[in-house]
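Read the structure below first, then the notes.
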């Protein structure tokens, strides 16, 4: 389509359909997939956008099957086309839904891994972006950070993992929300633009029903 581009993720042998002028995926989902590592079993990506995270995971983890949940039908439709384009229809399913609806659609504790790159700006904060899709990707809309944590806990198995990437300015809020829901913090890694920059993002691995000493990984420098 004239309003879309097809871009290559050569490291993962993927082609990604994106809006030419709308919201295009950033480096964050690529970093989160790297942080999550090899995946065995079933996973779900909350707020999947164009489906980049499920596509990378099934491409790199042969024994994985995934689902992406996206509230915006335009983005969800594009994610389905990306799944078809890359020939993984048998391993990835895209669902159009608000994450607040997922407790009604899925039984408890059925995924080995839950991933999310939640919107990091609180409602009503900052400048409203005119770029289609960017507003919902950056600003909390129907679902808040606490909702993502609640739904992730509901969906993940006690032996499973929850992996998130989030803006470092809300790290304290994220950790407090996880603690309130009795989610244990297992791993943490800060993401910097360069060695001279302050951390911009942070990646965390959480779990329910089990705990161990926190591992803080070496900082990750994007450039």
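With contacts taken as Cα pairs under 8 Å and at least 6 residues apart, the chain reaches a relative contact order of 16 percent. The order of 165, 53, going from fewest to most other C-beta atoms within 10 Å of their C-beta, is 165, 53. Who wins for biggest fluctuation among 104, 205, 40 in a Gaussian network model of the chain, springs between alpha carbons below 10 Å? Sorting by GNM fluctuation, first place goes to 104.
For the chain, what is the calculated [θ] at 222 nm in deg cm²/dmol (nearest 500), taking -39500 (n - 2.57) for each run of four or more DSSP H residues and dividing by its residue count?
So the helix-based figure for the chain works out to -7500 deg cm²/dmol.
Computed over region 1-115, the alpha-carbon pair-distance distribution with 10 angstrom bins reads 14, 50, 31, 5, 0, each value a whole percent. Using the Cβ-Cβ distance between residue 90 and residue 221 with R0 = 45 Å, the FRET efficiency computed as 1/(1 + (r/R0)^6) comes to roughly 0.75. Within the set (1) 52, 37, 27; (2) 50, 39, 33; (3) 58, 37, 30, the number that Cα extents along the principal axes in Å takes when calculated for this structure is listed as (2).
Read the figures in this text as sums done on the coordinates, not as results from a lab. Just so it is clear, the model here is predicted, and its values are computed rather than measured. Reconstructed Cβ throughout: ideal geometry from the backbone, glycine too, with neighbour counts over all protein chains shown.
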